[in-house]
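Enquirer: My questions all concern the structure below.
The values are calculated or read from the model by the stated rules, or taken from the named source; none is laboratory data. Given the structure is predicted, the values throughout are model-derived calculations rather than measurements. Positions of Cβ are generated from backbone atoms using ideal geometry, with glycine treated the same way; all protein chains shown enter the neighbour counts.
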Amino acid sequence: MRESKINSRPSKRGLTLLATKKGGTSVYIKLGVLVAVLFAVATIFNQMLEIGEKKKHLREIEEKTRIQELMNEEMEWIVQNSDSKTNYERIARSELGLVKPDERVFVFVGGDE
């Protein structure tokens, strides 16, 4: 069996090439592969964290959407099932915060009494 020789001549860039036994790989190649694998693992981990955050944000938006849809259904039912002025007035007061022109509204700021 013939062993490969170590090339001790400097390359064009002034680096010494490290040769290994026949069929082996260079230390630089191993280091490069290691760095690439570590970078890939770090990137995948970071992407997993971002996916988790986006899923949480999506769940929050879906919950808000469900609440808004229920409120819309309730308002639609109220409008469809009542034609009285009293119901429109109640909706204007409770949902929109409207008052009559000559009416005074007192807002209590403080405790939950």
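Enquirer: Given the criteria more than 33 Å from the chain's Cα centre (by Cα), exposed (fewer than 10 other Cβ atoms within 10 Å of the Cβ) and free of Cβ contacts under 8 Å to residues at least 24 places away in the same chain, does SER94 qualify?
Expert: For SER94, the condition - more than 33 Å from the chain's Cα centre (by Cα), exposed (fewer than 10 other Cβ atoms within 10 Å of the Cβ) and free of Cβ contacts under 8 Å to residues at least 24 places away in the same chain - is met.
Enquirer: Something else now. Kindly list the number of the only condition in (1) assigned to a helix (DSSP H, G or I); (2) at pLDDT below 95 that fails for GLU60.
Expert: Condition not satisfied by GLU60: (2).
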